[in-house]
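The values are calculated or read from the model by the stated rules, or taken from the named source; none is laboratory data. What you are looking at is a predicted structure, and each value in this text was computed from that prediction instead of being measured. Backbone-built Cβ (ideal geometry, glycine too); neighbour counts: all protein chains shown.
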Amino acid sequence: MNSSLARPHTPTTLVNGRVVLPDRVETGRALVIEGGRIAGLADLADLGSDVERIDVGGDWITPGLLDIHTHGALRHTFNEPDPAAWAAITRENLRRGTTSLLATFAPTPDLEAGLAFCRQWMQERHDGARVLGAYLESPYINVLQKGALDASCVRPADDGTAGALLQYADILRVFMLAPELPGALDLVKAINDAGIVPSAGHTMAHDSHVLAAMRAGLRHVTHLWSAMSTVVREGPWRKPGVIEAALAFDGLTAEMIADNRHLPETLMRLAYKCLGPDRLCVVSDALSGAGLPEGSVYTMGGMSYDVRDGVGMMLDRSSFAGSTTLLPQMLPVLLNVVGIPVMEAVRMVTLTPARIIGVAAEIGSLEPGKRADLVVFDEAFVAQRVMLDGEWV
């Protein structure tokens, strides 16, 4: 990756680029960065002689990507309370253009140790993508929709153990559970009251369960169509599931895995048409198989999986096991497979997830005053340069 550090206290400008803003693409103007922040766009004729100019050769300039649901990469997961594991994951994400993320935890026996390590990590300065907090795929799920999660770690929502997890409310950003479980509504309210985003996932809920949970504070849905209920027949009656509720109910945001494996083109297009780019974000849901070659075996907790046909799979082929594709690699799928305009596709991996977790005042777009986190992508959306807090990394 190219590297060029700006002179201290000297404005840096990126010229000859296609600057992707939330509602348009700007060409023929310079993007100005000063003091680690976005200063704005300027006409080339207005640039002073003391300004450093970096010609990006017609490439795309986007905000740094934000992955709010990613478990790991390169044989490591965030469930490992190990500096080497976290460094490997965050550096690989940053190298590819994800500048911020939520460390995502699956239910494993050492879950609290992982959350404690996350808290410690966030208090220190590290190389790699910025960790903004934790996303918890909690133990309070429906075992019938466990997917690739370890069934031995599934718990009742009313067993009294959630209080220990809510002690990490200072770092928890998203807390996923199955809203149909006994005690789930009380837990949704407690999650919401703690300032955490409650999310429905790994669930067999009907739409009526979702409505009840929304009244308690539910406002997000985890990885659409993956480990999720859909419409069923009970005699002559059709009972919509979580997927239909997510597509139909106002007041819910949702995420989808756009690796072109978890969901076919038709379903990705349906989610986009129903929710639009301001309520639908894209996540990698990458596990430790991300970045590994075909046939590689990887683990999480006590479970083993392998990489097959460009995606993680259970060894018995009963379920996918996370993606092996990191978030920037999903942009070509959104553009070329789903057919989403570039500014909307970029919004779904930057500003929309930032709004969902409440950090859009600082990151998510190239608006004046925000952190200078950005990526220079080539035509194929491969990162050529990555900037974090105004410095090339």
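Of all residues being within 23 Å of Tyr135 (Cβ to Cβ) and of a type in the set (A, V, I, L, M) in the stretch 384-393, which is surrounded by the most Cβ atoms within 10 Å (Cβ to Cβ)? Just the residue, please. Restricting to residues being within 23 Å of Tyr135 (Cβ to Cβ) and of a type in the set (A, V, I, L, M), the top hit is Val386.
Looking only at residues in the stretch 53-81 that are surrounded by fewer than 24 Cβ atoms within 10 Å (Cβ to Cβ) and aliphatic (A, V, I, L, M), the one that is farthest from the chain's Cα centre (by Cα) is Ile54. Residues in the stretch 340-378 that are assigned to a loop (DSSP other than H, G, I, E, B) and either surrounded by fewer than 18 Cβ atoms within 10 Å (Cβ to Cβ) or among the basic types (Lys, Arg) (or both): Pro341, Gly358, Ala361, Glu362, Glu367, Pro368, Gly369, Lys370, Asp378. One residue alone among Gln120, Gln145 is in the same structural domain as Glu92 (by TED's automatic domain parsing), farther than 25 Å from Ser304 by Cα and either more than 19 Å from the chain's Cα centre (by Cα) or free of Cβ contacts under 8 Å to residues at least 40 places away in the same chain (or both), and that residue is Gln120.
For the stretch 172-179, indicate whether the set of residues that are in contact with a His (Cβ under 6 Å, 6 or more places away or on another chain), in the same structural domain as Leu287 (by TED's automatic domain parsing), surrounded by 21 or more Cβ atoms within 10 Å (Cβ to Cβ) and not aliphatic (A, V, I, L, M) is non-empty. Looking for residues that are in contact with a His (Cβ under 6 Å, 6 or more places away or on another chain), in the same structural domain as Leu287 (by TED's automatic domain parsing), surrounded by 21 or more Cβ atoms within 10 Å (Cβ to Cβ) and not aliphatic (A, V, I, L, M), one finds at least one in the stretch 172-179, hence yes.
Quick check on this structure: which one of Leu165, Leu144 is surrounded by 15 or more Cβ atoms within 10 Å (Cβ to Cβ) and not in a strand (DSSP E or B)?
Going through Leu165, Leu144 in turn, the sole match is Leu165.
Among the residues of the stretch 24-64, those that are touching a residue at least 40 places away in the same chain (Cβ under 8 Å), touching an Asp or Glu at 6+ places or on another chain (Cβ under 9 Å) and not β-branched (Val, Ile, Thr) comprise Gly36, Arg37, Gly40, Gly57, Gly58, Asp59, Trp60, Pro63, Gly64.
Kindly indicate the residue of the stretch 222-269 that is touching a helix residue (DSSP H, G or I) at 6+ places or on another chain (Cβ under 9 Å) and on the phi > 0 side of the Ramachandran plot and also surrounded by the fewest Cβ atoms within 10 Å (Cβ to Cβ) among those meeting that condition. By that ranking, first place goes to Gly251.
Here the condition is being within 30 Å of Asp316 (Cβ to Cβ) and of a type in the set (Phe, Trp, Tyr); of Tyr135, Tyr168, it holds for Tyr135 alone. The residue pairs whose first member lies in the stretch 190-203 and is more than 12 Å from Ile356 (Cα to Cα), whose second member is of a type in the set (D, E, K, R) and surrounded by 24 or more Cβ atoms within 10 Å (Cβ to Cβ), and whose beta carbons are closer than 9 Å, counting only pairs six or more residues apart or on different chains, are Gly201/Glu137; His202/Glu137. Restricting attention to the stretch 26-53 and to residues that are at pLDDT 95 or above and of a type in the set (Val, Ile, Thr), the residue that is nearest to Glu344 (Cα to Cα) turns out to be Thr27.
When restricted to residues that are buried (at least 19 other Cβ atoms within 10 Å of the Cβ), on the phi > 0 side of the Ramachandran plot and modelled with pLDDT under 95, the stretch 270-311 contains 1. Considering the conditions (1) farther than 24 Å from Ile363 by Cα; (2) touching a Phe, Trp or Tyr at 6+ places or on another chain (Cβ under 9 Å); (3) surrounded by fewer than 21 Cβ atoms within 10 Å (Cβ to Cβ), Asp50 is excluded by exactly one of them, (2). Counting only residues that are under 17 Å from Ala360 (Cα atoms) and not in a loop (DSSP other than H, G, I, E, B), the stretch 12-43 holds 5 of them.
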